Amino acid sequence: MALMKLSPGDVWEIDGERHYLDRVLEGEFLVLRAIESGQPYQRLTDGGELASPTRQWLEDEFATGAVRKIDPTSTSKAHLLREADADLILNKDPRAIVRQVVLRSLDRMGDYSRSDIGLQSALAVIWNSKPRQLGTHKPPSPSTVRRWLRQRGAVGERPLRTMVSASGRVARRKRLPASVRRRMAAPCSSPRFAAFVL
């Protein structure tokens, strides 16, 4: 089966609310944000937990008619622009503009090495040109910049809304299987371990 074409900015109606596709992450996880609030969409799993939606989940829901893609001509561009208002974004995450300046500057440079030394040199050039948006912010680490380059848009497509940090805004993925978490939460009844509980 051919994969559904997904593009940042696509609008989807889920549970009667419109969401736009912010970006596709590694592992085919999707960042879908509510147009009204900008909050990331979290789906309810069969186990009753919240999880980020995936491409497969969206395709399955679309196939059953539970979600629908909104025709871009029927979506008010002014409404989408209001959601992406720079003041709102910068109130949520003041460092979003730093990420955007760094990535757009690197896009314009074009020819730079992604090694630690290459990125440090490129960042020094950016900071020496003193863009006012950088203010008193310090240059990020090369590993951070490499992650931004992978996850925050593409060359020529670096909208401010993709620069907002998701840290603390989305539920963390559980790293342990549900069976292990249940055993960890269960009270200890073994006399062998009673001494450690006291």
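Quick notes on this structure:
- One residue stands out in segment 1-15 among those that are open to solvent by 70 Å² or more (accessible area, probe 1.4 Å) and at pLDDT 80 or above: the one that is nearest to the chain's Cα centre (by Cα), namely P8.
- Within segment 114-141, the set of residues being of a type in the set (K, R), at negative phi and either free of Cβ contacts under 8 Å to residues at least 12 places away in the same chain or in a helix (DSSP H, G or I) (or both) comprises R132, K138.
- Within segment 3-14, residues that are of a type in the set (A, V, I, L, M, F, W, C) reach partners that are modelled with pLDDT under 85 and open to solvent by 40 Å² or more (accessible area, probe 1.4 Å) with beta carbons closer than 8 Å, at six or more positions or on different chains, in the pairs V11/P72; V11/L80.
- Among the residues making up segment 110-130, those that are under 24 Å from R23 (Cβ atoms) and surrounded by 12 or more Cβ atoms within 10 Å (Cβ to Cβ) are Y112, R114, L119, A122, L123, I126.
- Just one of the listed residues (V31, V102) is at pLDDT 80 or above, open to solvent by less than 80 Å² (accessible area, probe 1.4 Å) and closer than 17 Å to P8 by Cβ, namely V31.
- Looking only at segment 21-52, residues that are in a strand (DSSP E or B) and in contact (Cβ under 8 Å) with a residue 12 or more places away in the chain come to 14 in all.
- Of the residues making up segment 56-84, just one is of a type in the set (A, V, I, L, M), modelled with pLDDT of 85 or more, open to solvent by less than 60 Å² (accessible area, probe 1.4 Å) and farther than 15 Å from G16 by Cβ, namely L58.
- Any hit, segment 166-185, residues being modelled with pLDDT under 80, among the charged types (D, E, K, R) and closer than 30 Å to S113 by Cβ: no
The values are calculated or read from the model by the stated rules, or taken from the named source; none is laboratory data. Only a predicted model underlies this, so the values are computations on that prediction, with no experimental measurement involved. Virtual Cβ from ideal backbone geometry, glycine too; neighbours counted across all protein chains shown. Keep in mind that these areas ignore ligands, DNA and RNA; they rest on the heavy atoms of the full protein, side chains included. Shrake-Rupley method; radii C 1.70, N 1.55, O 1.52, S 1.80 Å.
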